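Working notes for the structure below.
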Amino acid sequence: LELSILQAALAPEADGAYRLLLRTTRGDIFGLLHVCEGEPGAAVMVGGAGGGLDGPADGIYARLAPALLDAGVSTLRLHYRRPGEFDECLLDVLGALSFLKGVGARRAVLVGHSFGGAVAIRAGTLSPLVSCVVAMSSQLYGTEQVAELAPRPLLLVHGMEDQVLEAVASEIIYQRAAEPKRLVLYAEAGHSLVQCKDALFALLREWIPAHAR
C-alpha cells in the first residue's frame with residue numbers, strides 16, 4: 001500500500017486553528033491543526049473506528065489542543081478517509097506525519113483511542129518522527145509489533161469498567177511491549193473514559209509536552 005501527498009491546503013478557523021486538507025493519491029484527508037510556530041514538537045491525535053476530531057473523554061482532543069499550544073506543542077487532530085479500515089487509517093497517520101515533517105516538526109507524539117490506539121502503535125513502529133505513543137482503550141488487533149516501538153516510550157490508558165474492549169487488552173499490549181512503558185488503569189472508567197476525564201486530561205497535559213519537545 002502506498003499513499004502520496006499531492007497538495008496541502010490550510011484554511012483559518014475563528015479560534016486560531018487551521019482546517020487542513022491533504023489531497024493524496026488515495027483520497028482527501030481532513031484535519032484540524034493548531035500551530036506553535038518555531039517549536040519542533042507536535043502531537044497527532046486520532047479517534048476510534050468511527051474517526052472524528054474531538055476524541056474520547058468528553059472531547060479531550062479539542063480541550064487538549066489549546067493547552068498543548070500553550071506548552072509549545074503543535075497539534076493535528078486527524079479524521080480518517082475510510083474509518084474502520086486499519087491499513088487505510090494507518091496510511092492516513094503516516095501521511096500526516098510526513099506532512100508535519102515537511103513543515104518543520106522533528107518529534108511527534110501519536111495519540112489514539114480504541115481502534116485508533118492500535119493505529120497509533122503500528123504507525124509509531126514505522127515512522128522515525130514518532131517520539132512516543134499514547135494508546136487509550138486500545139484494541140489488540142494491529143498491536144502485534146508493539147515491541148518494535150522501543151526505545152520510544154509507550155503510555156497505555158484503560159478503564160477497568162470498559163465493556164467494549166476489556167482492560168485486559170491493554171494489559172496484554174503492555175506485556176508485549178518493551179521498556180520504557182507505562183500502564184494507567186482507571187477503576188471506574190468505561191470505554192470512553194469520560195468518568196476519568198479530568199485525571200486523564202492532567203496526565204496527557206503533562207505527558208505529551210514531556211515527550212514532544
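The values are calculated or read from the model by the stated rules, or taken from the named source; none is laboratory data. On a predicted model such as this, the values are computed, not experimentally measured, just so you know. For neighbour counting, all protein chains shown are included, and Cβ atoms are generated from backbone atoms with ideal geometry for every residue, glycine included. Protein only, heavy atoms only, side chains kept; ligands, DNA and RNA dropped before computing areas. Shrake-Rupley method; radii C 1.70, N 1.55, O 1.52, S 1.80 Å.
Taken together, the residues in the range 11-38 that are over 14 Å from Asp92 (Cβ atoms), open to solvent by 30 Å² or more (accessible area, probe 1.4 Å) and out of contact with any Lys or Arg (no Cβ under 7 Å at 6 or more places or on another chain) amount to 9. Could you tell me whether any residue of the range 17-34 is in contact with an Asp or Glu (Cβ under 9 Å, 6 or more places away or on another chain) and part of a loop (DSSP other than H, G, I, E, B)? Among the residues of the range 17-34, at least one is in contact with an Asp or Glu (Cβ under 9 Å, 6 or more places away or on another chain) and part of a loop (DSSP other than H, G, I, E, B), which makes the answer yes. Scanning the range 156-171 for residues that are touching a residue at least 12 places away in the same chain (Cβ under 8 Å) and surrounded by fewer than 16 Cβ atoms within 10 Å (Cβ to Cβ) yields Met160, Glu161, Gln163, Val164, Glu171.
Kindly indicate whether Glu179 is more than 25 Å from Ala42 (Cβ to Cβ), more than 18 Å from the chain's Cα centre (by Cα) and part of a loop (DSSP other than H, G, I, E, B). Break it down stepwise before answering.
Details: more than 25 Å from Ala42 (Cβ to Cβ): no; more than 18 Å from the chain's Cα centre (by Cα): yes; part of a loop (DSSP other than H, G, I, E, B): yes.
In short, no.
Of the residues Ser127, Ser137, the single one that is hydroxyl-bearing (Ser, Thr, Tyr), in contact with a His (Cβ under 7 Å, 6 or more places away or on another chain) and within 23 Å of Ala42 (Cα to Cα) is Ser137. Look at the range 113-135: where a residue is closer than 24 Å to Lys197 by Cα and modelled with pLDDT under 95, no partner that is of a type in the set (Gly, Ala, Ser) and part of a helix (DSSP H, G or I) sits 6+ places away or on another chain with Cβ atoms under 8 Å.
For beta carbons closer than 8 Å, sequence separation of 6+ or different chains, a first residue in the range 11-30 that is over 21 Å from Gly47 (Cα atoms) and a second that is surrounded by fewer than 11 Cβ atoms within 10 Å (Cβ to Cβ) and not hydroxyl-bearing (Ser, Thr, Tyr), the qualifying pairs are Thr25/Glu2; Thr25/Leu6.
In the range 199-210 there is no residue matching the filter, namely being outside any helix (DSSP H, G or I), in contact (Cβ under 8 Å) with a residue 12 or more places away in the chain and in contact with a helix residue (DSSP H, G or I) (Cβ under 8 Å, 6 or more places away or on another chain). Return a yes/no flag: does the range 182-196 have any residue that is under 18 Å from the mean Cα position of the chain (by Cα), within 19 Å of Leu68 (Cβ to Cβ) and touching a residue at least 60 places away in the same chain (Cβ under 8 Å). Yes, there is a match, as at least one residue in the range 182-196 is under 18 Å from the mean Cα position of the chain (by Cα), within 19 Å of Leu68 (Cβ to Cβ) and touching a residue at least 60 places away in the same chain (Cβ under 8 Å). Please list, ordered by first then second residue, the pairs with beta carbon atoms under 6 Å, 6 or more apart or interchain, first in the range 85-107 and among the basic types (Lys, Arg), second in a helix (DSSP H, G or I). Close Cβ pairs satisfying both conditions: Arg107/Ala212.
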